[in-house]
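In what follows, a single structure is set out as structure tokens and then discussed.
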Amino acid sequence: MYKQHYVKITGILFILAMLLVACGQTPASTSQPSADGVKSAAGTDGESSTESATKTVESASGSKEIPAHPERIVSINMEDILLSLEVPLVLATPIGRQDYLNEQLEAQGVAVEPINESVNFEAVVGANPDLIIANASLDAKILEQLEKIAPTITYDRRNWQESIVQIATALDIEERAEQLLQKNKDQVTEAQKLAANITKTKPTAAFLRLEEKDMRLFFSSIPSTPFPASSYVGAGYEVGFTPDALVTKLEAENPERMNASISVELLPEIKADYLFIVSISSDGSAEALQKTKDELNEIQQLQVWKSLPAVQNGHVYVLNAKKWLIDGPIAESLKRNEMLEVLGLPAP
């Protein structure tokens, strides 16, 4: 009898002890991954202290909610900037045959799908992006289709110095952008030093692109934009050349443009000490460069061409449009190096 009561009392005391231990503990916080892998946690005071899986950023297309930490980014004609920032790219879509970055992209395992007539949406879907970063100049219908695939933010590639800061801010990598801008400034300074013997007298220059039906005189900048080197050929002038008077005049008359169409009759007004010819096609192929040289040979037979100061002084040079008709820190560096090369100077 006594033994039975002892067992019952011992059992009751054990249960009470367990209840006291349980009451003294706080509920363990639970953690559950969200759709993009960012975990959310419940606080001990009953209030949610969830770590946000998304963030709102500003871009040329307005406010957008994007993943806080994107891991699969697709680039739509923004490869130079994004490769420089070392973001996690999975697909790059350069325009046409502007393939100067393809080797670097493929070496990093990034798929390359050039834009010909339009964006290959099937390739974009197949890349399974969690974020798309696109050139703001794309057609609104294309951007609408991209938005259906993944959150899409857009930036002005032309003003890459401004856009690289905006993109870096959106992705929380501001320090990388600062380093790249400083590197660009250092490269400009180095190029200016290397070209100092040529540019110490502040010679004038003009950049001319030969077309099949006319010629395009490129401006040193686009006055309506915040960065003076926002023109395709801005990097060339940064080396130390002064824009020809005709360039300055046409630039002031066309603040929204980056070049002006000129006829053969207007050629005598180009008084530049140096004349740089940008190859006829932006694909920069050997065929395009040869075509430019053939066009140039035809023009060289004209008396009006022979009368140009740059021609008479032997200061006419052909540049590869593959690099010159594009924007970004890598392209700017390549442009300056080519300028130095054609001038017979060593690249840094």
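Just so you know, in the range 248-277 the residues that are hydrophobic (A, V, I, L, M, F, W, C) and touching a Ser or Thr at 6+ places or on another chain (Cβ under 6 Å) include one that is modelled with the lowest pLDDT, and it is Met258. Restricting the search to strands (runs of 3 or more DSSP E) fully inside the range 243-348 and requiring at least 1 residues that are of a type in the set (S, T, N, Q) and within 25 Å of the chain's Cα centre (by Cα) gives 259-262. The criterion of being over 24 Å from Leu334 (Cα atoms) and either under 16 Å from the mean Cα position of the chain (by Cα) or of a type in the set (A, V, I, L, M, F, W, C) (or both) holds for Ala150.
Could you list, in sequence order, the residues of the range 83-124 that are touching a Gly at 6+ places or on another chain (Cβ under 8 Å) and of a type in the set (Ser, Thr, Tyr)? Ser84, Tyr100 - these are the residues of the range 83-124 that are touching a Gly at 6+ places or on another chain (Cβ under 8 Å) and of a type in the set (Ser, Thr, Tyr).
Only one of Asn116, Asn135 is surrounded by 14 or more Cβ atoms within 10 Å (Cβ to Cβ) and on the phi < 0 side of the Ramachandran plot; which?
Only one candidate qualifies: Asn135.
Listed by first and then second residue, the pairs with beta-carbon distance under 6 Å, at least 6 apart or on different chains, first residue in the range 111-128 and under 9 Å from Pro94 (Cα atoms), second assigned to a loop (DSSP other than H, G, I, E, B), are Glu113/Asn120; Pro114/Pro94. Among the residues of the range 166-186, some residue qualifies, meaning at least one is surrounded by fewer than 22 Cβ atoms within 10 Å (Cβ to Cβ) and more than 18 Å from the chain's Cα centre (by Cα).
Here is a yes/no grid of residues against (1) surrounded by fewer than 22 Cβ atoms within 10 Å (Cβ to Cβ); (2) in contact with a strand residue (DSSP E or B) (Cβ under 8 Å, 6 or more places away or on another chain); (3) in the same structural domain as Asp99 (by TED's automatic domain parsing):
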site	(1), (2), (3)
Thr242	yes, yes, no
Glu269	yes, no, no
Asp273	yes, yes, no
Glu298	yes, no, no
Ala321	no, yes, no
Ile326	no, no, no
Glu332	no, no, no
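Taking the criterion of being free of Cβ contacts under 8 Å to residues at least 24 places away in the same chain and either touching a helix residue (DSSP H, G or I) at 6+ places or on another chain (Cβ under 7 Å) or part of a loop (DSSP other than H, G, I, E, B) (or both), the residues of the range 91-103 that qualify are Ala92, Pro94.
If I filter the range 137-155 for residues that are in a loop (DSSP other than H, G, I, E, B), in the same structural domain as Leu91 (by TED's automatic domain parsing), touching a residue at least 24 places away in the same chain (Cβ under 8 Å) and not small (Gly, Ala, Ser), do I get at least one hit? Checking the range 137-155: at least one residue is in a loop (DSSP other than H, G, I, E, B), in the same structural domain as Leu91 (by TED's automatic domain parsing), touching a residue at least 24 places away in the same chain (Cβ under 8 Å) and not small (Gly, Ala, Ser). Against the test of being aliphatic (A, V, I, L, M) and closer than 28 Å to Asn184 by Cβ, the options Val247, Val264, Val311 yield a single qualifying residue, Val247. Among the residues of the range 150-191, those identified as of a type in the set (Gly, Ala, Ser) and more than 20 Å from Pro129 (Cα to Cα) are Ser163, Ala177, Ala191.
The values are calculated or read from the model by the stated rules, or taken from the named source; none is laboratory data. From a predicted model like this one, the values you see are computed outputs, not experimental measurements. Every residue, glycine among them, receives a Cβ derived from its backbone with ideal geometry; neighbour counts consider all protein chains shown.
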